[in-house]
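Taking it in order: structure first as structure tokens, then the write-up.
The values are calculated or read from the model by the stated rules, or taken from the named source; none is laboratory data. Not measured: the values here are computed from a predicted model. Neighbour counts run over all protein chains shown; Cβ positions are idealised from the backbone, glycine included. To get the accessible areas, we keep the full protein, side chains included, count just its heavy atoms, and leave off ligands, DNA and RNA. Shrake-Rupley method; radii C 1.70, N 1.55, O 1.52, S 1.80 Å.
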Amino acid sequence: MYLKQGAQANEDKSLVLVSSTAGFKETPGLFVYQASKHGVLGLLRSLRLYLPKTHGVRVNAICPWMTDTVMVDGIRDNWVKERLPVNTPADVGRIMIEVGVRSEWNGRAVFVEGGRGWDIDEGIDRTEPLWLGEEVSKTLARGQEVLGDGRDWTTPDSKY
């Protein structure tokens, strides 16, 4: 792994993945794009317990909303007309750097809107018992404890 090569023992290492609001909210008509951005958040969530323990690398993601690039040419005028917040590429880059250098952060997905960032996973975790129900949330937590961080898993070679 690139981040592991030549690293010092106590050196802070960080991987920042790029998703989108399409990773957690619907984006009509952009089917493949949306599926790939959901995949980025799935990758984040599968690595956030594993990577720090196995490679000493923290992993986070940014999820920019509308960013003023050629990709948004078809919606820019209506977006601006409605006075909705717009990210610049520099805004997204600044948030990416901020997320990457915060050594206390690991496993966070940060929604970027108008140059500002919010941790969306904190809200999901905090409100889970409300939207999933107390009993199911407790059962899910017990199952997650059984899964652990993935380092102890073994799979028979014949099945995979």
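When the residues of the stretch 22-40 are filtered to those that are among the aliphatic types (A, V, I, L, M) and over 15 Å from the mean Cα position of the chain (by Cα), the one that is surrounded by the most Cβ atoms within 10 Å (Cβ to Cβ) is LEU30. Taken over the stretch 141-154, residues that are in contact (Cβ under 8 Å) with a residue 12 or more places away in the chain and of a type in the set (A, V, I, L, M, F, W, C) amount to 0. Going by the conditions given, is LEU43 aliphatic (A, V, I, L, M), open to solvent by 70 Å² or more (accessible area, probe 1.4 Å) and in contact with a strand residue (DSSP E or B) (Cβ under 8 Å, 6 or more places away or on another chain)? Yes.
Report whether or not TRP65 is surrounded by 13 or more Cβ atoms within 10 Å (Cβ to Cβ) and either within 22 Å of GLU145 (Cα to Cα) or within 14 Å of the chain's Cα centre (by Cα) (or both). Considered against the rule, which asks whether it is surrounded by 13 or more Cβ atoms within 10 Å (Cβ to Cβ) and either within 22 Å of GLU145 (Cα to Cα) or within 14 Å of the chain's Cα centre (by Cα) (or both), TRP65 comes out as yes. In the set (1) out of contact with any strand residue (DSSP E or B) (no Cβ under 8 Å at 6 or more places or on another chain); (2) within 25 Å of ASP12 (Cβ to Cβ), the condition left unmet by ILE95 is number (1). Residues of the stretch 86-118 that are under 16 Å from the mean Cα position of the chain (by Cα), farther than 13 Å from CYS63 by Cα, of a type in the set (A, V, I, L, M, F, W, C) and open to solvent by less than 60 Å² (accessible area, probe 1.4 Å): TRP105 alone. Considering the stretch 14-130, the qualifying strands (runs of 3 or more DSSP E), each wholly inside and each with 2 or more residues that are in contact (Cβ under 8 Å) with a residue 60 or more places away in the chain and on the phi < 0 side of the Ramachandran plot, run over 109-113.
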